[in-house]
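Worksheet: the structure to be examined is printed underneath.
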Amino acid sequence: MLDWHSSVLSAPAILAATCIVYTIVLVIYRLYLSPIARFPGPKLAAVTGLYEFWYDAIRGGKYIWEVEKMHMNYGPVVRIRPDEIHVSDPDFYGVLYASGQERRDKVKKNARQFGAPDSVLAAVHHDLHRMRRATLSFFFSKSSVNRLEPVIQEKVDQLVDRMRGFRTTRQPIPVFAMFTAFTNVVDVIMEYAFARSDRRLAHPEFDPLFMEAFSAAGDLCHWTLHMNWILQMLQALPEWMAKAMVPGLGKVIEFQNKIKGQIRDIENGTNKQDGNTIFHHILASDMPRSEKTLGRLWQEGMVVVGAGTETTAWTLVVGLTYIMMNDNIRRRLEHELQEAKASIGMLRLKDLEQLPYLSACIKESLRLSYGVTSRLPRVAPNQTLEVSGTTDLRIPADVHISMNSVMIHRNPQVFPDPDAFHPERWLDNPRLSRYLVSFSKGARQCLGVNLAYAELYMALGAIFDQFRTPDEGELRLQLLGATVNDVAIAGDMFVPSVVSNNKHVKAIFE
Ligand code: HEM
């Protein structure tokens with residue numbers, strides 16, 4: 001009979017031995033037997049996800065630079081994780097992020113990163129995504145956005161008014177906060193799609209707390225990717241505790257509660273609005289009942305707000321900053337706007353869209369603001385994919401494959417002198433547009449692309465028209481101490497982090 005002491009002592013030993021054997025088997029599997037074992041890349045990255053975790057979670061979004069180095073060493077197709085292949089070839093982008101009938105699933109872990117697992121953004125399976133997206137597409141089509149022009153124009157007028165106010169007081173303008181208040185879906189599309197507005201543009205400091213809470217989610221993005229339970233834990237906490245832990249979260253929770261109340265009112269028939277919100281639309285659709293629950297609908301609402309605000313605002317900051325840093329670019333843009341105004345009169349969205357130099361400035365702003373900087377992995381469940389020139393590296397079906405906008409937009413073969421702001425490159429080579437991937441591509445490309453473009457054209461057009469370089473001696477809109485480091489990318493925090501670690505570019509009338 002085994003005595004008591006020896007059986008207790010052997011339990012940890014058995015556990016340790018099991019762990020060691022498991023680890024050895026796992027390492028052998030990942031290095032030699034996995035369906036992606038033959039792909040080149042560092043052995044450590046093939047063996048453990050901790051390699052990525054170190055650079056992204058601990059060092060703050062730095063894995064993209066390691067991946068870039070891997071491509072320099074190993075070529076255009078690299079294994080960057082035990083379960084992920086990364087591709088750097090710009091021509092492969094449209095193959096991976098395909099549209100139409102080509103099935104592309106998302107990877108569950110990435111899809112759940114932001115705590116809205118039942119939203120369109122998080123739909124893992126191709127068919128589920130198509131169904132959710134089809135119900136929302138109507139709101140974001142080009143013709144819907146064109147109808148929305150008067151609402152956007154009203155917000156642009158408010159933006160310009162606020163800037164005039166800063167000219168009178170000669171106070172610095174917090175550019176990112178101002179653009180965030182402008183693009184905040186609450187202020188632009190909320191009035192139309194959600195039929196409510198929190199009027200952040202009118203707030204003296206542009207109500208930055210709300211967006212700071214969304215940014216806090218960005219700061220945690222690499223942790224929540226690997227440890228999704230952090231988000232679930234935060235969501236399960238009593239409201240008072242969650243509010244105490246994350247500054248600004250109170251505003252987001254308040255906003256969530258308002259959306260939930262609005263949905264409940266629509267469900268109960270006590271809602272006073274005219275039936276034209278995304279919630280009315282989903283509830284009246286022929287989607288299954290499981291898609292119409294309160295628990296899912298509020299997530300859809302939060303995703304639309306979260307996805308549309310910081311991305312567009314940051315593009316505006318990047319555009320404004322680079323244009324104001326370069327006098328030649330600024331004067332050429334102002335001249336184009338002046339000429340157009342002289343011949344057309346008031347410039348509507350359709351007129352602004354025809355202006356070549358403004359269009360080139362917007363594309364260059366989108367290129368250097370990158371949209372989503374994360375890798376956006378996809379799975380082709382029933383298709384083998386091939387990167388041109390690498391027949392020996394056909395990627396089998398069902399593998400996690402990723403690409404990212406930063407590597408495409410900084411590819412010197414496509415965009416020579418990639419870190420410089422050169423609007424002219426778009427005029428010299430109109431074919432370049434196919435390599436602009438800030439909105440991603442294919443069936444899952446940004447749903448708000450038309451709205452984003454409208455906001456960019458109308459806001460930048462108005463600013464450089466209304467605040468064009470004045471005569472000598474008058475106040476001119478200028479940057480206040482901002483340098484290229486305040487907009488140049490330093491890392492991937494889902495959206496770009498910047499070299500100066502300070503996104504708070506300021507402008508002033510001087
Ligand atoms: C410059 C501005 C913007 C950029 C660069 C941008 C970029 C992106 C990207 C790259 C994706 C794909 C994400 C993924 O694959 O996981 C995406 C998805 C999405 N975006 Fe945008 N976005 C912008 C503005 C907007 C606006 C204004 C809205 C709406 C108000 C919006 C709503 C959405 C939604 C709902 C999705 C999910 C689409 C789906 O999964 O089918 N975005 N966006």
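The values are calculated or read from the model by the stated rules, or taken from the named source; none is laboratory data. Keep in mind the model is a prediction, meaning the values are calculated, not measured. Every residue, glycine as well, gets a Cβ built from its backbone with ideal geometry; the counts of neighbours run over all protein chains shown. When the accessible area is computed, the model is the full protein with side chains, heavy atoms only, and any ligands, DNA or RNA have been set aside. Shrake-Rupley method; radii C 1.70, N 1.55, O 1.52, S 1.80 Å.
Being of a type in the set (A, V, I, L, M, F, W, C) and out of contact with any Leu (no Cβ under 7 Å at 6 or more places or on another chain) is a description that applies to Ala342.
Of the residues Leu347, Leu333, Leu316, the single one that is outside any helix (DSSP H, G or I) and modelled with pLDDT of 95 or more is Leu347.
Screening segment 1-87 for helices (runs of 4 or more DSSP H) wholly inside it with 1 or more residues that are at pLDDT 95 or above, open to solvent by less than 20 Å² (accessible area, probe 1.4 Å) and acidic (Asp, Glu) returns the ranges 50-53.
Restricting segment 88-102 to residues that are surrounded by fewer than 18 Cβ atoms within 10 Å (Cβ to Cβ) and in contact (Cβ under 8 Å) with a residue 12 or more places away in the chain, which is nearest to the ligand (Cβ to nearest atom)? Can you show your working first?
Pass one, segment 88-102, residues surrounded by fewer than 18 Cβ atoms within 10 Å (Cβ to Cβ): 91, 94, 99-102.
Filter once more, so that each one left must be in contact (Cβ under 8 Å) with a residue 12 or more places away in the chain: 91, 94, 99-100, 102.
Values: Asp91: 19, Gly94: 14, Ser99: 11, Gly100: 14, Glu102: 15 Å.
Checked segment 88-102; the qualifying residue nearest to the ligand (Cβ to nearest atom) is Ser99.
Annotation note: Cβ proximity below 8 Å between a residue of segment 106-120 that is without any contact (Cβ under 8 Å) to a residue 40 or more places away in the chain and a residue that is of a type in the set (A, V, I, L, M, F, W, C) (sequence gap 6+ or interchain) occurs for Lys108/Val124; Ala111/Leu121; Ala111/Ala122; Ala111/Ala123; Ala111/Val124.
Please go through segment 299-318 and pick out each residue that is within 6 Å of the ligand (Cβ to nearest atom) and in contact with an Asp or Glu (Cβ under 6 Å, 6 or more places away or on another chain). Outline the logic, then answer.
Here is the first cut: in segment 299-318, the ones within 6 Å of the ligand (Cβ to nearest atom) are 303-304, 307-308, 311-312, 315.
Thr312 - this is the single residue of segment 299-318 that is within 6 Å of the ligand (Cβ to nearest atom) and in contact with an Asp or Glu (Cβ under 6 Å, 6 or more places away or on another chain).
A single member of Met458, Met403 is closer than 25 Å to Glu102 by Cα and either in contact (Cβ under 8 Å) with a residue 60 or more places away in the chain or aliphatic (A, V, I, L, M) (or both), and it is Met403. If you take the residues of segment 128-137 that are touching a residue at least 24 places away in the same chain (Cβ under 8 Å) and not hydroxyl-bearing (Ser, Thr, Tyr), which of them is nearest to Trp229 (Cα to Cα)? Ranking the qualifying residues of segment 128-137, first place goes to His129. Return a yes/no flag: does segment 363-371 have any residue that is more than 9 Å from the ligand (Cβ to nearest atom) and open to solvent by 20 Å² or more (accessible area, probe 1.4 Å). Within segment 363-371, one or more residues are more than 9 Å from the ligand (Cβ to nearest atom) and open to solvent by 20 Å² or more (accessible area, probe 1.4 Å). Of the residues making up segment 109-143, those that are in contact with a Ser or Thr (Cβ under 8 Å, 6 or more places away or on another chain), assigned to a helix (DSSP H, G or I) and within 12 Å of the ligand (Cβ to nearest atom) are Asn110, Arg132, Thr135.
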